Amino acid sequence: MHPLIARFLSLDAARETLRKEKAGEPLDAEEQLFTATAVKHPQQRSEVLGISGRKLASDAQASLVLLAAHSAALAVGQDAKLAAATAKAREALTSEGATEEETDAFIASILLEEAFGYDEEVDSFDASFVEEALGEIPALAALTREGVDALMLKFSQKGATDLERTARAHIAKRLFDIAWSEGPTPINTEHLDTLLESDIAGETEELQEARLRATVELLQLLAQQGLIGPMRLSRLRAQLGDEDA
């Protein structure tokens, strides 16, 4: 988990920082990023400030997560290790028509994935994984509907049997529908969980094996295309129970 997310997921820390800003008190570098983010998201700022007591309403909790994640998205742009990858990712998204708000949200989603998407130690920040995920963005941003269709066709035609070809066509369409219905984004474990539950579990053993194999092979193809990095590929294959991950 990025340190800035960890810090500002605390309601007390968030409210104290906003209080200091209003009072004109000095702010440290992280607090400045948080208050800058709060200015850009006045509704979420108001929801965080309006909460009393220790129990958060669901919408206020969501606002706190958004402000923390977007603050971290600003921070990685200033990080010596991640600044170059962040700049390239932002440039790629902007060149494809993304607004500043959409770009911020895209990068924030990567930081939330790193924080909560895997069984990793939350007290540490996996900067290498985030750097890799940021590096996936240019290829994802440039992927068109025609490009997705071409990937699906290329993948579906390579099966050795009718069962394999059918499984490949089904899995490619379903995974792309699940993960990319609103545009290409990094494929994550939630996408795979949905695929497993809706399209693999409950089928015959033969069909389960064919679709699981097709899923692994599709992930490998996406990695070859630069749409999935090595660390992400390993984590996704492990999610599928692939012993070679």
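The values are calculated or read from the model by the stated rules, or taken from the named source; none is laboratory data. Owing to the predicted nature of the structure, the values given are computational and were not obtained by experimental measurement. Neighbour counts are summed over all protein chains in view; Cβ atoms, including those assigned to glycine, are modelled from backbone coordinates with ideal geometry. Please note that ligands, DNA and RNA were not included when accessible areas were found on the heavy atoms of the full protein model with its side chains. Shrake-Rupley method; radii C 1.70, N 1.55, O 1.52, S 1.80 Å.
Things worth noting here:
- Protein heavy-atom accessible surface, 1.4 Å probe, per residue over the chain: 51 Å².
- The label point for GLU101 and the one for GLN43, both projected 7 Å from the Cα toward the Cβ, are 0.8 nm apart.
- Solvent-accessible surface (1.4 angstrom probe) belonging to ASP193, in square angstrom, nearest 10: 70
- Rounded if a/c under 1.5, otherwise prolate or oblate - the stretch 1-111, Cα gyration tensor axes: prolate
- Legend: calculated FRET efficiency, LYS173 to PHE116, from the Cβ-Cβ distance at R0 = 30 Å, rounded to 0.05, equals 0.60.
- Orientation-averaged projected area, Cα convex hull of the chain (nm²): 14.8
- The stretch 51-111: C-alpha gyration tensor shape, a/c 1.5 cut-off, then a/b vs b/c: oblate
- Förster radius 25 Å - calculated FRET efficiency between ARG145 and LEU207, Cβ distance, rounded to 0.05: 0.30
- Accessible-area composition of the stretch 144-240, carbon plus sulfur, in percent [1.4 Å probe]: 49
- Part-to-part distance (alpha-carbon centres) for the stretch 169-243 and the stretch 105-129, which is given in Å: 20
- Average Cα contact separation per residue, the chain, under 8 Å, 6 or more apart, as relative contact order %: 16
- Projected area, mean over directions - the stretch 73-176, Cα convex hull, nm²: 8.3
- Comparing LYS22, LYS81, LYS154 in a Gaussian network model of the chain where C-alpha atoms under 10 Å apart are linked, the largest mean-square fluctuation is found at LYS22.
- Kyte-Doolittle mean at least 0.0, axial Cα span of 15 Å or more - DSSP H helices of the chain: 29-40, 58-76, 83-95, 100-116, 127-142, 145-156
- For the stretch 144-240, diffusion coefficient by Stokes-Einstein and Kirkwood Rh (Cα), 10 °C, 1.306 mPa s, µm²/s: 119
- Peptides 225-235, 210-220 ordered by average Cβ neighbours within 10 Å, highest first: 210-220, 225-235
- Segment GLU182-GLN157, length gained on full extension (0.36 nm per residue, minus Cα span): 6.4 nm
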